[in-house]
Amino acid sequence: MPVNAAPRQSAEERREQVLQAATHEFAHRGYHAASTAAIAARAGISQPYIYALFPNKKELFLAAQARMISHLRSAFVNAALGLDTAEARLRAMGMAYRPLIEARPDELLLQMQGHAAATDPEIGPAVAASFKALYDDVLRVSGASAAEVSVFFACGMLINVATALGLPEIVEPALESEPVAS
């Protein structure tokens, strides 16, 4: 191997690289306006290679959505570990959300683009099922009532919109309220 050559990436590493690029492109352009050519360029690969990893743009979008939801689920579940009350678990989940969206702003926008793309009959059912599964996980892990979890998600949606619109004067009071998150 030449001295300057980078080591070959595994298929899983390349898939992750493509998902990162896709997350950015879909987050900033939406499902319909993002192109696989732009995703490939951002990932530093050829466009045909995307289709070796994902059968089509829709599956790539849904994979990026699933990855984002997985990050949310993991943050929420890990935050709730070892806490004794539903209120404490829900609060910890909410407090875990802010660093997540600060560290992964493209995922916040991707989440919103998923909601926007849900009118597409090939996208909507998968996005809805994924959101419902996250809601059910928070309900189960927190031990909170359905009403409390609904308020949790409502507050999170306010935070999402205000963050995306650059309105910290709305985000900050929402973060200080009970409960907080997505």
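The values are calculated or read from the model by the stated rules, or taken from the named source; none is laboratory data. Nothing here was measured: the structure is a model prediction, and the numbers come from that model. Virtual Cβ from ideal backbone geometry, glycine too; neighbours counted across all protein chains shown.
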Give segment 120-150 a look and list any residue that's among the hydroxyl-bearing types (Ser, Thr, Tyr) and surrounded by 17 or more Cβ atoms within 10 Å (Cβ to Cβ), or say none. SER130, SER142
What helices (runs of 4 or more DSSP H) completely inside segment 1-119 contain at least 1 residues that are of a type in the set (Asp, Glu) and touching a His at 6+ places or on another chain (Cβ under 9 Å)? 105-117
Restricting segment 147-182 to residues that are in contact with a helix residue (DSSP H, G or I) (Cβ under 7 Å, 6 or more places away or on another chain) and among the polar types (S, T, N, Q), the residue that is modelled with the highest pLDDT: ASN160
Of the residues that sit in segment 123-148 and are outside any helix (DSSP H, G or I) and over 19 Å from the mean Cα position of the chain (by Cα), which one is nearest to LEU83 (Cα to Cα)? GLY143
Expected single match for under 30 Å from GLU16 (Cα atoms), aliphatic (A, V, I, L, M), modelled with pLDDT of 95 or more and surrounded by 16 or more Cβ atoms within 10 Å (Cβ to Cβ) among ALA117, ALA86 is ALA117
